[in-house]
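Any read-out appearing in this document is the output of simple, stated calculations on the displayed coordinates, not a laboratory observation. Note that the structure is predicted; figures quoted are calculated from it, not measured. Here the Cβ is made from the backbone with ideal geometry for all residues, glycine too, and neighbour counts use every protein chain on show.
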Amino acid sequence: MIKVTPTNEVVSQTLANGLQVKLYPMPDYHKTYAILTTNFGSVDRRYRLSDDEDWIEIPDGMAHFLEHKMFEKADYDAFEKFGQYGADANAFTSFTQTSYLFSTTQNLHENLDVLLDFVQTPYFSADSVAKEQGIIGQEIKMYADNPGNRLYMGMMGNLYPNDPMHIDIAGTVASISQITADKLYDAYRAFYQPQNMTLLVVGQLDPSETLTWIEQNQAAKTFATLPLPQRNQLITDPTGVDVIARDEVKMDVQRSKVMVGLRGTYQAPTGKERLRYKSAVELGLELLFDDTSDNYLRLYNEGVLDDSFNFSFEIERGFHFASFATETDDPARFTAEIKQVLTTAHERLLASEEQFTAIKNATLGRLIFNLDSPEAIANRFEGELFDQAMIFDEIATLASISFTEMVEAMMKLIAPMRLTQMVVAPLAD
Amino acid sequence: MDLELMTGVNLHVLPTTQFQITRLMVTFTTKHDGQNAAARNLLANVLSTSSAKYPTQTALARHLATLYGATMGAYVSRLSKAHVMRFKSSFINDEIAGEALFPKVLALLQEIIFNPLLVKESFDSETVALQQTNVVNTLRSWDDDKQFYALRQVEELYYQHDAAMKVPGTGTADQVAAVTMADLVATYQSMLANDQIDIYVVGKIDEEAVKEAVLALPWQPRAKQVIPARYVAGKQPVRKQEEVQPVAQTKFDQTYNLPIYFGDDLYYAALVMNGILGGTPYSLLFTNVREKASLAYYASTSLRPFNGHLVLQTGIETQNLAQVRELVQTQIDLLQAGEFSAETLKMVQATLINQHQANLDRSNARLEQLILRNTAHVAANPHFEADIMAVTKEQVVAVAKQLSLQTEYVLVGGKADD
């Protein structure tokens, strides 16, 4: 029986300006990891601040471009500031969020100030925008040459052909050429308000001292009081009838890579329910597809899939899907087999009841692996999406999923059967 | 604790209460000769697929599930000319599981290593055939990642005059395809009889209990081997190669001879030099090739402190190749002339110390350090931070002056698809 007791309290606080702060101390650790996230990603394509305003269009790739540009200031470079205080810094943009982070074993106070100050002090100039277009242009080309990325984005394009998830997070060379300093300032004002942001700090820290530092930093700044931006609808067809059944791209690869996507249409009423749904589906997918399953062994031995096989379940703000991928000589057969397992999932799951406890313990065990990483603890936090759940809530939720709840969640995901196949095939074929 | 259990079999234990998971690794080390890597790679895959007691992958995976999601895998790695076969398991601590997992995981490793699925004197032929196909496919797929492909080409060019070093620790796809059942059986027998064996444990465990449990396995003493873990190429004439492929981005990679090795007196100055040249976001390459000239998304360097060189990697537009080549040369000139600020030196020192301390928080990094030091025969340095802080500008310049271009590989983007 697995038992996890958090060794320390999670400190949660929403500051006067709306910034949400979560602190989790890990006294045995040398490093502290901090991540400041704004709820603005590549799928946000237009916005307005009130009903009477016109919608403002956002060029594709804007959130990611903004992330790059934040590091450069009129009189300093944020990377160098972190460097002076001995921190490793980075940033990344996803479909729905932009995050800025550092990891340090020294000067936590100074580094927290650097993080908050550089993200909360926009500076964009025409010159630096032009230069960034060259750098990101190379980033886009690097991803264009990456078959794994093309496979994933191809699948997303099939699953959401009419929705912004089909567009690369970095945009295109053409779309980022429309970005100007003014557009960056406008988007920044709307989406980088403290009330749209979360700061997590995990690792070596004293919670009350750290909270005081953050409060002092924020109290010294004035923020415009604006409403939160209204955004475009993400999903044009909630039933998912628009899913494209298959697509293929040819690249310089040795063997075909195939990814099957299964779009979910269920809408959980609350963040808590959404976390239960996610936990239950993850268990169900393990039962059907992981290497303890009979399906896996049969398909492996027949050469339909190999050690490259993997599956995952992703939920973000407004959309979710499962995916199954492998390298194979026979993509059509792989897709047919996955579809067959999904079509017969109800019987298969009912027949797997005696393995449920072992799989649940194994899944719990692997979730617990994350407790050794301040980064993993902080990065798993999804805010409102899962009703502010931290990893300990995730562990408790997973442990409380019953066999029946797992089967029900799986059928919610599978029953509409919104399935697609994406293939990256060798050029010679 | 570092303990010789018997001649050629050593136990290394790092007890710590910091982590929720424990890691156990058994390694078999021999000299990499360019011929043995492929069979050892296939062997690692065959052994970790099944055993006499767990005759299918599913049986093995189901057993691992009962150990609360413990992971178990086997793979090969190479440190210069030391070829290492690794059997690794990670599992949650006993008080979380509510039962003692270490003895069970050790028993599983014993089963995997000493009790394979055999038919008469051979491995199960179906398992071998399937794993052989899979390993060959995996190695061929490596070419799909163009950044990695370019890196392997520039390194292979560097090792052009050393038939063994040219071969990766995994063996090549063609070599793996040619391994016979007889090779595999002979490799297995030789590994059990002759390889240096090391057992590593990092986690919340009792040293004495671990020692007692590990001693119960059927180890046999073996002759001590001296396996070189540093490769000295010597300066060669510059070799250049160009290749055209249908890719969107051109890759421009180089290697530089740098005869400074892990643990040498000048090793710390070499780390700092690498950070100033291309190993950090305030490096000369990042600042001048990426940020100022806007020519690349990545332009970086990394040390190869067991193989005596440094590699440089960029991804660029084809038409900018000459400009990038010149700009890279300019950065090396600047470095060798000491044209970098005291602030940059300080930032790189602070970053290296931060990385060093942060690695103490990663049990995998702690384990890797143990393996690295044991394989390279370099004792832990308790003064790492002081040694980094003591590096002077003059030392950085002196180290930089030892850099000499050895190889250059350009993957030229031709017409991209669709």
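Relative contact order for chain B: 23 percent, from Cα pairs under 8 Å spaced at least 6 residues apart, divided by residue count. Bin by bin, in steps of 10 Å, what percent of the Cα pairs in chain A do you find, going until the bin that has the longest distance? The calculated distribution, bin by bin, is 4, 19, 28, 27, 17, 5, 0. Residues within the reach of a label modelled at B:PHE148 (point 7 angstrom out along Cα to beta-carbon, backbone nitrogen below 12 Å), restricted to region A:304-348, are A:308.
In this structure, the residue pairs whose Cα-Cα separation is over 30 Å, taken from B:LYS292/B:LYS401; A:LYS73/B:LYS393; A:LYS69/B:LYS251; A:LYS131/A:LYS257; A:LYS22/A:LYS278, are A:LYS131/A:LYS257. If R0 is 41 Å, the Cβ-Cβ spacing of A:SER12 and B:TYR75 corresponds to a FRET efficiency of close to 0.50. Calculated mean residue ellipticity at 222 nm for chain A: -12000 deg cm²/dmol, from DSSP H runs with n ≥ 4 weighted as -39500 (n - 2.57), summed, divided by the residue count and rounded to 500. Using only side-chain charges placed at the Cβ, +1 for Lys and Arg and -1 for Asp and Glu, the dipole size of region A:256-405 relative to its Cα centre rounds to 420 debye. Across region B:34-79, Cα pairs under 8 Å and at least six residues apart give a relative contact order of 42 percent. Here's the picture: a label point sits 7 Å out from the Cα of B:ARG222 along the beta-carbon direction, and within region B:194-210 the residues with their amide nitrogen under 17 Å of it are B:194-200.
For chain B, the share of DSSP beta bridges that are antiparallel, to the nearest 5, is 80%.
Our helix-only sum for chain B, with -39,500 (n - 2.57) per DSSP H run of n ≥ 4 divided by its residues, gives a mean residue ellipticity at 222 nm of -12000 deg cm²/dmol. When you work out D = kT/(6 pi eta Rh) for region B:2-215 at 25 °C and 0.890 mPa s, using the Kirkwood radius from C-alpha pairs as Rh and the Stokes-Einstein form, the result is 133 µm²/s. Here the contact order of chain A, divided by its residue count and restricted to Cα pairs under 8 Å and six or more residues apart, works out to 22 percent. Note on B:LYS166 and B:LYS31: the extension gain reaches 47.2 nm, defined as 0.36 nm multiplied by sequence separation minus the Cα-Cα distance. Cα extents for the protein assembly as shown along the principal axes, largest to smallest and rounded to whole angstrom: 82, 72, 59. Per residue of peptide A:82-94, the mean number of Cβ atoms on other chains within 10 Å of the residue Cβ is 4. How high is the FRET efficiency from B:ASP264 to A:PHE92, r the C-beta distance, R0 30 Å, rounded to 0.05? E(calc), rounded to 0.05, equals 0.25.
Could you compute the FRET efficiency for A:LYS339 and A:ASP182, with r as their C-beta to C-beta distance and R0 at 41 Å, rounded to 0.05? Computed FRET efficiency for A:LYS339 and A:ASP182: 0.25. The shape of chain B comes out prolate: with a ≥ b ≥ c from the C-alpha gyration tensor, a/c is at least 1.5 and a/b beats b/c.
Over region B:239-413, the hull volume per residue, using the convex hull of the C-alpha atoms, is 129 Å³. The per residue volume of the convex hull around the alpha-carbon atoms of region A:173-271 is 280 Å³.
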